[in-house]
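Notes follow once the structure below has been shown.
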Amino acid sequence: MKTRIKEFRSKKNWTQQRLADEVGVRRETIVFLEQGKYNPSLKLAWDVSKALETRIDELFFF
């Protein structure tokens, strides 16, 4: 799975730590999500999309 998390995070000038704090996960989780090494649960995908003010299908794709 590929993501555009880094792109949307950069638009908000957020660090990985800031996004992690917003969604309640460790920074390493955000790193792995951005690298495509971790497939999030639906809840985590929802939380990330809400924090970045976008839709899930704009962040995650195959």
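What follows is calculated from the coordinates using simple rules that are stated; it is not laboratory data. Just so you know, these numbers come straight off a predicted model, no measurement behind them. Ideal geometry is used to build each Cβ from the backbone, glycine not excepted, and the neighbour counts take in all protein chains shown.
Cross-link partners for residue 12 among the aspartates and glutamates, with Cα-Cα distance under 17 Å and sequence neighbours closer than 8 places in the same chain left out: 21, 22, 34, 47, 53, 58.
Ranked by the mean number of other Cβ atoms within 10 Å of their residues, highest first, the peptides 35-41, 1-7 fall in the order 1-7, 35-41. For the chain, the relative contact order works out to 45 percent when only alpha carbon pairs closer than 8 Å and six or more residues apart are counted.
Size descriptors for the chain (Cα atoms only): Rg and Dmax, in that order, 10.0, 26 Å.
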